[in-house]
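Contents: one structure, followed by commentary.
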Amino acid sequence: MKKKAKSDSVTVNARARYDYVLGDELTCGMSLSGPEVRSIRDHHVQLKGSFVTIRGNELWLNNLTLGADTARNIKLLATKKQIASLSRAKIAGSTIVPIKLLGGSRHIKLVIAVGKGKKKYDKRETIKKRDIERGRYA
């Protein structure tokens, strides 16, 4: 009997790379219940509009949409040193953005990154570069 091939990346937040200039990435665990894990493994999850906050020396993922449920807040698992470095970046004016959910192995992980918001002209430049790479312009 053959096992199904599992993909490493369950969900990618494509909007994050468009809206932010991303810096350091961090992979952290998530505190989930059984039905939440099932929703994520069945691809019934959406990262669009979600963001990470720091409350009481803990990381929280806000507005994660799981299946038919409304947006939820989920605790992220990271070390004190990692949280301290993220809070320093947050104080400096950066945003903590979820990039993708990894669910190919036994554990479900979330990749987050420190990002600076792009201006409108930066976004137009991103679109132009992407179109050039695709070969739309000669």
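Calculated mean residue ellipticity at 222 nm for the chain: -9000 deg cm²/dmol, from DSSP H runs with n ≥ 4 weighted as -39500 (n - 2.57), summed, divided by the residue count and rounded to 500. Estimated at 0.36 nm per residue, the fully extended path between GLU25 and LYS75 surpasses their Cα-Cα distance by 16.2 nm. Taking a quarter of the surface of the Cα convex hull of the chain gives a mean projected area of 11.3 nm². Length gained on full extension, ALA14 to GLU125, computed as 0.36 nm times the residue gap minus the Cα-Cα distance: 38.3 nm.
Going through the cross-link list LYS90/LYS128; LYS90/LYS119; LYS48/LYS120, which pairs have a Cα-Cα distance over 22 Å in this structure? Cα-Cα > 22 Å for LYS90/LYS128; rest within. Applying both filters, DSSP loop and at most 10 other Cβ atoms within 10 Å, to the trypsin sites (Lys or Arg not before Pro) of segment 54-127 gives ARG106, LYS119.
The numbers here are math on the coordinates, done by the rules we state, and not lab data. For clarity, every value in this text was computed on a predicted model and none was experimentally measured. FYI the Cβ positions are ideal-geometry reconstructions off the backbone, even for glycines, and counts take in every protein chain you see.
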